[in-house]
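Heads up: the structure comes next, in structure tokens.
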Amino acid sequence: MQVTETLNEGLKRGFTVVVPEPELAAKREKRLAEIAKTVQIPGFRPGKVPLSMVRKRYGDAVAAEILEQTVNDASGKLMEERGLRPAMQPKLEITKPGKDSDLEFTLEMEVLPEVAVPDLSDVTLDKPVAAVADEKIDETLSRLAEQRQSFKDVEETRPAAQGERLTVDFIGRIDGEAFEGGTANDVGVTVAGTGFIPGFSEQMEGMSAGETKTITVTFPEDYGAKDLAGKTAEFEVTAKSLAVAEVPAIDDELAKAMGMESLADLRAKVAEQIGRDYEQMGRLKLKRALLDVLAEKADFTAPESLVEAEFAEIWRQVEAERAAGNADPEDAAKDEETLKAEYRAIADRRVRLGLLVAEIGRANNVTVADQELQRAMFNEAMRYGPQAMQVVEFFRKNPQQMERFRGPIFEDKVVDLLLGQVKQNEVSVTPDELAADPEE
């Protein structure tokens, strides 16, 4: 194998590789001889088929097989001998096919840069810490009590107020015609509550049992049923009965209903959960601060191909948000060229940061075990509530999809490793400051 370097600029490398025809011929003949030992052709005993007949029947297929194998072997050997780590799949082009001639092909690629693992021993990060206030515990207990509320029928006939529940029948019409899914009976609707088309439940305030009212609403532009999105509909609503919410008292009985021994135990449990939430938010801010430090230390050049791939994905999301009417307001005043430059800078930062995190992980033998992927998969499935088992079944049938969890787990493990190396300075903040987005 003869290798000639044709390109060496920055991270770009190019080579021309030549494999002599006699070497290819020897490989082809060896492979044909192997086939001849096992091939079965009528009229010949196994292992006695003439090589000329095997060559005639299988010669083209063997030539293609040897060509592919030789290119792969030669490419792998080239990169191993020269210590090349391609940033993306190399571009390969066969310039001479190696049939009655030498095999010649070109190989072009971008290689990963040399990445030095930084010393973080002199780095100090502020770790925000918030105390769990009694008011926050009381607020959480109130929400828990409201979640366990029941409704009691009102015997008297009177107008419904916000927060009360009317049981109604309704018929929905668009341009005078009833539409599919617009009719229902005995539906409980919380007056001015959520869960219905905006403006629907709000207009039911003041209705009494036995009263019929026509309510006009407009379906949101992003409504799930595309044939209704953006259209105006009239609902003929008949109120049948009224019920008021009864929220249980926040006492030992509520605690016992929730599996606790007493209200004191429930308060302690709530405080513990809030504390864990605060700890998680504090860790997230600490992680962002650490990644900012790493980004400053990642002062190497990122492979252009990786940056362009990352930018393409970012820009795809930007255009999707534009199409959905959810574009970032700060982007509205900027021209396309400025926006692309800003997002390309973000892509460059992400790539450099990703390469540095990967190198730190590699240098410290950080790996992701199958059990960790399984745990992440189950955590993801739990987010889907009643459909959790369907999600689990999807991942079991498509195990390759679990690889999506590997990167985030790997990054978190590297972050945990580095947070153990830096100094941390605890800073007291309010819960609102802890929850605020860092850009605000």
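The values are calculated or read from the model by the stated rules, or taken from the named source; none is laboratory data. What you are looking at is a predicted structure, and each value in this text was computed from that prediction instead of being measured. Methodologically, a virtual Cβ is constructed for each residue, glycine included, from the backbone with ideal geometry; neighbour enumeration extends over all protein chains shown. To get the accessible areas, we keep the full protein, side chains included, count just its heavy atoms, and leave off ligands, DNA and RNA. Shrake-Rupley method; radii C 1.70, N 1.55, O 1.52, S 1.80 Å.
Converting the Cα gyration tensor eigenvalues of segment 222-265 into ellipsoid dimensions via √(5λ) gives semi-axes, longest first, of 44, 19, 7 Å. May I have the pair-distance distribution P(r) for the chain, computed from all Cα-Cα distances with 20 Å bins from 0 and rounded to whole percent? Values per bin, smallest distances first: 15, 33, 30, 16, 6, 0. Relative to the compact-globule estimate of 2.2 N^0.38 Å, the Cα radius of gyration of segment 74-208 comes out at 2.49.
Taking each residue as 0.36 nm, the span from GLU135 to ASP437 lengthens on full extension beyond its C-alpha to C-alpha distance by 106.5 nm. Sorting ILE174, ILE94, ILE66 by solvent-accessible area of protein heavy atoms yields ILE94, ILE174, ILE66, largest first, with a 1.4 Å probe.
For LEU78, what is the net charge nearby, where nearby means another residue's Cβ is under 11 Å from its Cβ and Lys, Arg count +1, Asp, Glu -1? Result for the neighbourhood of LEU78: -1. Under the combined filter of DSSP loop state and at most 14 neighbouring Cβ atoms within 10 Å, segment 65-129 retains these GluC sites (Glu not before Pro): GLU114.
Charges at C-beta only: +1 for Lys and Arg, -1 for Asp and Glu. How large is the resulting dipole of the chain about its Cα centre, in Debye rounded to 20? Could the numbers behind the result be given before it?
On the way: 56 positive and 85 negative charges, 639 e Å.
Around 3080 debye, computed over the chain.
Considering helices alone, the calculated mean residue ellipticity of the chain at 222 nm is -15000 deg cm²/dmol, with DSSP H runs of length four and up weighted by -39500 (n - 2.57) and normalised per residue. Relative to the longest principal axis of the Cα atoms of the chain, helix 134-147 runs at roughly 80 degrees.
The Cα center of segment 319-339 and the Cα center of segment 369-440 differ in position by 29 Å. Local charge for GLU372 was computed over the other residues whose Cβ lies under 15 Å away, with Lys and Arg +1 and Asp and Glu -1, and equals -2.
Length gained on full extension, ARG85 to THR216: 40.7 nm, using 0.36 nm per residue less the C-alpha separation. Of all accessible surface on segment 293-440 at a 1.4 Å probe, what whole percent is carbon and sulfur? Summing carbon and sulfur atoms, their accessible area is 49 percent of the total for segment 293-440.
Counting only DSSP beta bridges with both residues in the chain, what percent are antiparallel, rounded to the nearest 5? Display every interim value, and only then the final one.
Values: 50 of 56 bridges.
Roughly 90 percent of the DSSP beta bridges within the chain come out antiparallel.
Normalised by the number of residues in the chain, what is the relative contact order in percent for Cα pairs under 8 Å and 6+ residues apart? Can you show the working numbers first?
On the way: 597 pairs, mean separation 73.0, N = 440.
Relative CO of the chain lands at 17 percent.
Projecting label points 7 angstrom from Cα along Cα→Cβ for ILE41 and THR124 puts them 8.3 nm apart.
Measuring only protein heavy atoms, the 1.4 Å probe finds TYR384 accessible over about 110 Å². Separation of segment 251-272 from segment 39-88 is 72 Å, based on Cα centroids.
If you look at the Cα atoms of segment 123-282, you get an Rg and a Dmax of 21.8, 71 Å. At the residue level, MET281 shows approximately 60 square angstrom of accessible surface with a 1.4 angstrom probe and all protein chains present. Surface composition of segment 193-256: carbon and sulfur atoms hold 48% of the protein heavy-atom accessible area at a 1.4 Å probe. Accessible surface calculations at 1.4 Å, restricted to protein heavy atoms, place the chain at 61 Å² per residue. Packing, as the average of other Cβ atoms within 10 Å across residues, places the peptides 332-341, 374-383 in the order 374-383, 332-341, highest first.
Quick check: residue separation of THR95 and ASP227 times 0.36 nm, minus the Cα distance between them. What number comes out in nm?
Working: separation 132, 0.36 × 132 = 47.52 nm, distance 5.59 nm.
Difference between extended and current length: 41.9 nm.
For segment 68-149, the dipole from Cβ point charges (+1 on Lys and Arg, -1 on Asp and Glu) about the Cα centre works out to 240 debye, to the nearest 20. For the chain, the longest principal axis of the Cα atoms and the long axis of helix 304-323 meet at an angle of about 30 degrees. Simple rule: put +1 on each Lys or Arg Cβ and -1 on each Asp or Glu Cβ in the chain, find the dipole, and look at THR338, VAL123, LEU355; the Cα lying farthest toward the positive end is LEU355. I'd like the orientation of helix 51-81 relative to the chain: the angle between its Cα long axis and the longest Cα principal axis, in ° from 0 to 90, rounded to 10. It works out to around 70 degrees. Set the Förster radius R0 to 25 Å, insert the Cβ-Cβ distance between GLU380 and LYS269 as r into 1/(1 + (r/R0)^6), and round the FRET efficiency to 0.05. Between GLU380 and LYS269 the formula returns 0.45.
Counting only the heavy atoms of the protein chains, how much of ARG173 is accessible to a 1.4 Å probe, in Å² to the nearest 10? Solvent-accessible area, nearest 10 Å²: 80 Å². Per-residue packing, averaged as other Cβ atoms within 10 Å, sorts the ranges 234-243, 392-401 into the order 234-243, 392-401, beginning with the highest.
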